Amino acid sequence: MSRTGSRRDRSNSGAPIEIINQYYVPDVASTGHLLHELATELAKDGRDVHVLTCFPSYGPPDTWLPCPRRETVAGVRVRRLRTTRFSKDNLLGRLVNSVTFLLPLALRQFVRRGPDAVLLYTSNPPYLGIIGALVSLIRRHPYCVLLHDAYPQLAIWVGKVRGGGLIERIWHRMNRLMYGRALGTIVLCDKARDLVCDTYGIDRDRVHVVPNWADPDVLTPVAKSETAFARTHDLLEDFTVMYSGNLGLYYDFDTVLDAADRLRDERVRFVLVGSGGQRGRLEREIKARDLANVIMLPYQPFETLNDSLNACDASLVSIAEGIEGISFPSKFYSSLAVAKPIVAISEEDSELRRAVESSDCGVWARSGDGVGLAQAILALARDPERCAASGRRARELMEREYTVTACAARYAEILDACAMESR
């Protein structure tokens, strides 16, 4: 069978699928790239795959690459809705963006006539799946929910919503309807499954754990010395620890800066690549503490992502205390793919910690323990053989458990079962 995305007889290729998410390539949002890989992988098996999204708006305006309203790429039919594109770092702007996506989407879903597809509503924006629930109240509308970030829990954690208030109560009622009417819910880890089942009374058989992934053909190991990114930013000589991705509020960067402060006299460099709600604060903190061993850089184009991810000796993966189950860092999988040892920061009872330590693919430090993080990084920096071996085991772990092919097969199985149930 050809793997170029060409169409074939779809009579035996499973249920048609429509994926709905606010962000999609060429947007810089990690969820958009993950869903692009999922959609492409499903289409390779001859499935009829549609994506409904909006035009790029996630990152800074200089990342908004032009793209058509409708296109078919690698067998995936993409349709983009026009929305406002205010900065996502502004709460009101983010809300307006999501509303201008949801309203035309809701109208379309209520009146749509098209292929009898099973729909996959994601959590971007976090109340997206309620559209599926409302439509299903008045007509047949088979849908599943893909939970990347759990709301209102995450909004309460970052202080945007008051715990116990009216907004939280309304949101929980919407979630109960959304999960209750869904044919299935897909979550990233066991803690997220517990959250959905325990909070909303959903049968555990209807909540499926499927991790995120990396594409081993797109992200491949390259020696740091061979990357243009390392040469451009003078990273060749020092031991380089890199974080590349969303600089959001639910990642722990304070522990990173504390470790950097303690390692300022060592040949260790910290590189933070990306944008998000903490970027401004981090820039001010780096300047105030005179951390010359920390540099911040903007999002890198997807076309050069493999080069930039490889321009380090170890990869930082961070999640703040109390967040696992509410969210899970997707950059873990891309870091594994490029065969860099993982420097993980999390709470003690963490699936991230267990994954790193059980496979011996890196080091772990408790969130808030800057001393322990500094010691762990220094131990890697002083032991090149251990560093290289951990990196090899990281790639092996990804190839064994976190490939797009394996995860897409699980998605297909879940979506097909939901389609059969809806008939």
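Values quoted throughout were computed directly from the atomic coordinates according to the rules given, and no laboratory measurement underlies them. Since we're looking at a predicted model, the values are computed, not measured. A quick note on method: Cβ atoms are made from the backbone with ideal geometry, for glycine too, and the neighbour counts reach across all protein chains shown.
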Lysines with Cα under 21 Å of Lys88, excluding same-chain neighbours fewer than 8 positions away: Lys160, Lys331
Helix axis angle, 190-200 relative to the chain longest principal axis, alpha carbon, degrees: 40
Estimated inter-spin distance, Glu266 and Arg140, nm [label 7 Å along Cα→Cβ]: 6.2
Set of the stretch 139-158 residues, backbone N closer than 18 Å to the point 7 Å along the Cα-Cβ line of Asp198: 149-157
Matching label, volume of the Cα convex hull per residue in Å³ computed from the structure shown, candidates (i) 169; (ii) 140; (iii) 220: (ii)
Exposure proxy ranking, count of Cβ atoms within 10 Å, fewest first, for Leu134, Leu119, Leu95: Leu95, Leu134, Leu119
Residue-span extension gain [Asp234 to Glu283] - 0.36 nm each, minus C-alpha spacing: 15.7 nm
Sequence-distant residues sharing a close amide H with Tyr243 (under 5 Å, placed H): Val271, Leu272, Val273, Leu316
Crossing angle, helix 404-422 versus the chain [Cα axis fit, 0-90 degrees, rounded to tens]: 20
Sites Asp360 and Lys160 - FRET efficiency at Förster radius 60 Å, r taken between beta-carbons, to 0.05: 0.95
Neighbour-count order for Glu357, Glu71, Glu237, fewest beta carbons within 10 angstrom listed first: Glu237, Glu71, Glu357
Helix 384-401 vs. the chain, principal-axis angle (Cα, 0 to 90°, nearest 10): 10
Anisotropy class of the stretch 224-401 from Cα gyration tensor, a/c 1.5 cut: rounded
Other-chain or far-sequence residues with amide H under 5 Å of Val209's (modelled H): Val187
